[in-house]
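Participant: Please find one structure pasted underneath; my questions will follow.
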Amino acid sequence: MKNDKRTYLFGNWKMNMDKTKIDHFFTICRDRMLSGSVSGDIVMAIFVPFVYLDRVVQTVRAFGLADKISIGVQNVHPEDRGAFTGETSIPMAVECGATFSILGHSERRHIFKEDNTFIGDKVRACLKKAIKPVLCVGETLEEREDKKTWSVIENQLEKCLDGIDNPRGLIVAYEPVWAIGTGLSASSEDAQNVCKMIRVWLNDRFTDYPGRIPVLYGGSVKPSNSRELLSMQDIDGGLIGGASMDAGSFIDMLEITGNM
Ligand code: PGA
């Protein structure tokens, strides 16, 4: 049990949802969250496709949920403006109401070939602006089988956090690639072990920083395993893909978390 700690429940919609589904999602959130069923010190955020950012922010405000649900984006470009076709800048995301951005998600790393240097540029740019970066790290199945889990993660942390003096606002998510979208979650012990190693590394790297940098776990988190995973000592919350698109499941997890 860790009643003394703030818990983070972050939903990553990826390239899913449409206007009708979005309205339905927040109608259910309004009905259940405003009836007081969710308690506890929980930071909830939904990471939406850019094209729906404005709509989602307006809906959350209109439904009276703005103090309960933050909105984030799934990626940003490190430059403020320029000839970067198809990209979106941090000032644009902030102007439309985003307060968080996922960075270095394994789908960005593997499908879109983003490397640690580029992801690090984004983390540094976010930390300078009013947007909190959620840096994703994690090993592939092959790397895990080769017993390279920690060396891969340490390299990702070193490169993506290079040059950062003040990590205020930073969140790190451990997302083993083999657990994402597969239904195959890491065991709570394995997830705890890696999250603890990340925490120790962060504490050593930012010795002067007095706060606790949140470390989340992501990879097939759902209502049936959320209690066990999120009650682990060094797991401060979940980054949830598939199960975050169903408002009922997502709020079930909020209620479970609030009652831990
Ligand atoms: P999943 O995705 O919950 O569907 O496994 C997690 C993620 O990609 O962040």
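Participant: Using a 1.4 Å probe, how large is the accessible area of M245, given in Å² and rounded to the nearest 10?
Facilitator: Result for M245: roughly 60 Å² accessible.
Participant: Please list, ordered by chain and number, the residues whose modelled amide H lies under 5 Å from the amide H of G237; skip anything fewer than 5 residues away on the same chain.
Facilitator: Distant-sequence amide H within range of G237: Y8, Y217.
Participant: Taking the Cα centre of the range 57-153 as origin, work out the dipole magnitude from +1 charges on Lys and Arg Cβ and -1 charges on Asp and Glu Cβ, in debye rounded to 20. All intermediate terms of the calculation are to be shown ahead of the outcome.
Facilitator: Numbers: 14 positive and 14 negative charges, 73 e Å.
Result for the range 57-153 is approximately 360 debye, rounded to the nearest 20.
Participant: Given a 1.4 angstrom probe, I'd like the percentage of the accessible area of the chain that is carbon and sulfur, rounded to a whole number.
Facilitator: Working: 5880 of 11930 Å².
Carbon-and-sulfur percentage of accessible area, whole number: 49.
Participant: Now, a different point. Skipping prolines and chain starts, which residues have an amide H placed within reach, meaning under 5 Å, of the one on S89, given they are 5 or more residues away or on another chain?
Facilitator: For S89, whose amide H was placed from the backbone, the distant partners under 5 Å are H77.
Participant: Over the chain, with the other protein chains present, what is the accessible area per residue in square angstrom, probe 1.4 angstrom?
Facilitator: On the way: 11930 Å² over 260 residues.
Per residue, the chain has 46 Å² of solvent-accessible surface.
Participant: For the range 94-226, count all C-alpha to C-alpha pairs, find those more than 26 Å apart, and express that count as a whole percent of the total.
Facilitator: Within the range 94-226, distances greater than 26 Å cover 20 percent of Cα pairs.
Participant: Separation between the S151 and T117 pseudo-spin-labels, each 7 Å from Cα along Cα→Cβ, expressed in nm?
Facilitator: 2.2 nm
Participant: To the nearest whole percent, what portion of all C-alpha pairs in the chain is separated by more than 35 angstrom?
Facilitator: Details: 3177 of 33670 pairs.
The calculated P(r) of the chain puts 9 percent of pairs beyond 35 Å.
Participant: Grab the DSSP H runs of the chain that are 4 residues or longer, score each as -39,500 (n - 2.57), total them, divide by all residues and round the 222 nm result to the nearest 500 deg cm²/dmol. Could the numbers behind the result be given before it?
Facilitator: Details: 10 runs with 104 residues, N = 260.
Mean residue ellipticity at 222 nm (helix-derived): -12000 deg cm²/dmol.
Participant: To continue, here is another question. Lysine pairs, Cα distance under 16 Å, 8 or more residues apart or cross-chain: how many in the range 92-244? Can you show the working numbers first?
Facilitator: Working: K113/K122; K113/K159; K122/K132; K122/K159.
Lysine pairs, 8 or more places apart or on different chains, close enough: 4.
Participant: Also, I was wondering about something else. What percentages, rounded to whole numbers, describe P(r) for the range 42-88 computed over all alpha carbon pairs with 10 Å bin width beginning at zero?
Facilitator: Bin by bin from 0 Å, the calculated values are 25, 44, 24, 8.
Participant: Heavy atoms only, 1.4 Å probe, whole protein assembly: order R30, R6 by accessible area, highest first. Write out the running numbers ahead of the final one.
Facilitator: Values: R30 85, R6 115 Å².
Solvent-accessible surface, decreasing: R6, R30.
Participant: Hey, another quick one. Could you order M253, M15, M92 so the one with the most accessible surface comes first? Probe is 1.4 Å. Spell out each step's value before the answer.
Facilitator: Working: M253 0, M15 180, M92 95 Å².
From most exposed to least exposed: M15, M92, M253.
Participant: In the P(r) worked out for the range 184-230, what percent of Cα pairs fall beyond 16 Å?
Facilitator: On the way: 468 of 1081 pairs.
When every Cα pair of the range 184-230 is considered, 43 percent fall beyond 16 Å.
Participant: How do D18, D236 stack up against each other in accessible area, from largest to smallest, with a 1.4 angstrom probe? Can you show the working numbers first?
Facilitator: Working: D18 55, D236 5 Å².
The most accessible residue leads, giving D18, D236.
Participant: Can you list the equivalent-ellipsoid semi-axes of the range 1-145, largest first and in whole Å, using the square root of 5 times each Cα gyration tensor eigenvalue? Please list the in-between numbers first.
Facilitator: Working: eigenvalues 144, 79, 45 Å².
Calculated on Cα positions only, the semi-axes equal 27, 20, 15 Å.
Participant: Leaving out ligands, DNA and RNA but keeping every protein chain, what accessible area does K148 have, in Å² rounded to the nearest 10, with a 1.4 Å probe?
Facilitator: Probe radius 1.4 Å; accessible area of K148 about 90 Å².
Participant: Compute the length gained on full extension between L141 and S187: take 0.36 nm times their separation in residues and subtract their Cα-Cα distance, giving the result in nm to one decimal. Walk me through the numbers on the way to the answer.
Facilitator: Values: separation 46, 0.36 × 46 = 16.56 nm, distance 1.44 nm.
Gain in length upon complete extension: 15.1 nm.
Participant: Continuing with the same structure: How big is the range 107-170 by the Kirkwood estimate over distinct Cα pairs, in Å?
Facilitator: On the way: mean 1/r = 0.0799 Å⁻¹.
After inverting the pairwise mean of 1/r, the radius is 12.5 Å.
Participant: Modelling each spin label as a point 7 Å along the Cα-to-Cβ direction, I'd like the N166/V200 distance in nm, to one decimal.
Facilitator: Between N166 and V200, the label points sit 3.0 nm apart.
Participant: Around D54, what is the net charge, scoring Lys/Arg as +1 and Asp/Glu as -1 over all other residues with Cβ under 13 Å from its Cβ? Numbers along the way, then the final one.
Facilitator: Numbers: positive: K19, R55, R61; negative: E95.
Local charge sum for D54: +2.
The values are calculated or read from the model by the stated rules, or taken from the named source; none is laboratory data. Quick caveat, the model's predicted, so the values are computed rather than measured. So basically every Cβ, Gly included, is an ideal-geometry build from the backbone, and we count neighbours across all protein chains shown. These area figures cover heavy atoms from the full protein model, side chains too; ligands, DNA and RNA do not enter into them. Shrake-Rupley method; radii C 1.70, N 1.55, O 1.52, S 1.80 Å.
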